[in-house]
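Undergrad: Before I ask anything, let me first share the structure, which is written out below as structure tokens.
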Amino acid sequence: MACYREKFESEGYVVLDGILAEETSSVIEQLNEIMKNRTANDESDWNSTGFVMSPTEPDSVQKIQSLGLYYPGVCDLVFKNEKIQSVLRTLKDIGEQDFFGTKFFPMRPGGTSVNWHQDNHFFGTASPQITSCAVYLEATDRENGSLKVIPKSHLDGEVKHGPGEGIWANGEWALDVDESKAIDIKCSPGTVVLFNALLLHAAHVNTSKNRTRYSIFAHFVPHDLDFKWRDVDFSYGVYRDRYRAAKLANN
């Protein structure tokens, strides 16, 4: 476990290969059912709760924002999972954690998910205490849209972001990124990647002909850390997609 902390502090991320492999088939089945049953009323923009549609394929879901409101099982999969929690406890001395900002990316052939960015940009805080969590439900490599990161970039603080265009029209992305030090994270099904929310990361375009890349993202934050981004207040009890272990235990 000590090696996880050293890697996380120096490089900004750790990879837990295949630790949720047994859960992936059931989770994919449930997510497909949720997408199948969506309605036009559920459609949303990039940052609001709901189904975000692809800028190039209007009938294709690019993201489900606030996934936990549609699929409460994400809390069992990630937040209450002891395999993940045991590693998380070794990474930082920050006490009890909340879980928030759950998202699902059902990337299809030819599709996209995210361009270069820092998660913290969308939270309105430069706090280094937010840990992001990516769960890859399918085998993932460069061809079908793997995660790519710039190691150590979390040590450089905030970077400027601006509106995207074309295939990146949904969202705001980091400006002037030097990709020369970027590396790809190849994953087997059920792999979890924990990373500092200041780490610059993105995903390759899915250039495969017949492979999807289903992934879930969420974030761990200290109980006492409240923050806002523009008109969105992420405080516990205000933001619906923020969860606390004690509250979940009582449900």
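Undergrad: Quick one: in segment 1-27, which of the residues that are more than 23 Å from H201 (Cβ to Cβ) and assigned to a helix (DSSP H, G or I) is most open to solvent (accessible area, probe 1.4 Å)?
TA: Here the answer is E22.
Undergrad: Show me the strands (runs of 3 or more DSSP E) found entirely inside segment 122-177 where at least 1 residues are of a type in the set (D, E, K, R) and open to solvent by 20 Å² or more (accessible area, probe 1.4 Å).
TA: By residue number, 147-149, 172-174.
Undergrad: Can you find, within segment 35-65, the residue that is modelled with the highest pLDDT among those that are assigned to a loop (DSSP other than H, G, I, E, B) and open to solvent by 70 Å² or more (accessible area, probe 1.4 Å)?
TA: Looking at residues that are assigned to a loop (DSSP other than H, G, I, E, B) and open to solvent by 70 Å² or more (accessible area, probe 1.4 Å), I get N37.
Undergrad: List every residue pair whose Cβ atoms lie under 6 Å apart, where the two residues are 6 or more positions apart in sequence or sit on different chains, the first residue falls within segment 191-218 and is within 13 Å of Q62 (Cβ to Cβ), and the second residue, located anywhere, is in a loop (DSSP other than H, G, I, E, B) and of a type in the set (G, A, S).
TA: A203/S113; A203/G145; N206/G111; N206/G145; R213/G145
Undergrad: Now, a different point. Just to be sure before I move on: is G68 part of a helix (DSSP H, G or I) and either surrounded by fewer than 21 Cβ atoms within 10 Å (Cβ to Cβ) or modelled with pLDDT of 95 or more (or both) in the structure I sent?
TA: Judged against the criteria, G68 is a match.
Undergrad: Same structure, new question: If S86 satisfies all but one of (1) hydroxyl-bearing (S, T, Y); (2) within 15 Å of the chain's Cα centre (by Cα); (3) loosely packed, with under 14 Cβ neighbours inside 10 Å, what's the number of the condition it fails?
TA: (2)
Undergrad: Scan segment 89-102 residue by residue and report those that are open to solvent by 20 Å² or more (accessible area, probe 1.4 Å) and either in a helix (DSSP H, G or I) or at pLDDT 95 or above (or both).
TA: The answer is R89, T90.
The values are calculated or read from the model by the stated rules, or taken from the named source; none is laboratory data. What you see is a predicted model; the values in this text were computed from it and never measured. So basically every Cβ, Gly included, is an ideal-geometry build from the backbone, and we count neighbours across all protein chains shown. Note: areas computed on protein heavy atoms with side chains; ligands, DNA, RNA excluded. Shrake-Rupley method; radii C 1.70, N 1.55, O 1.52, S 1.80 Å.
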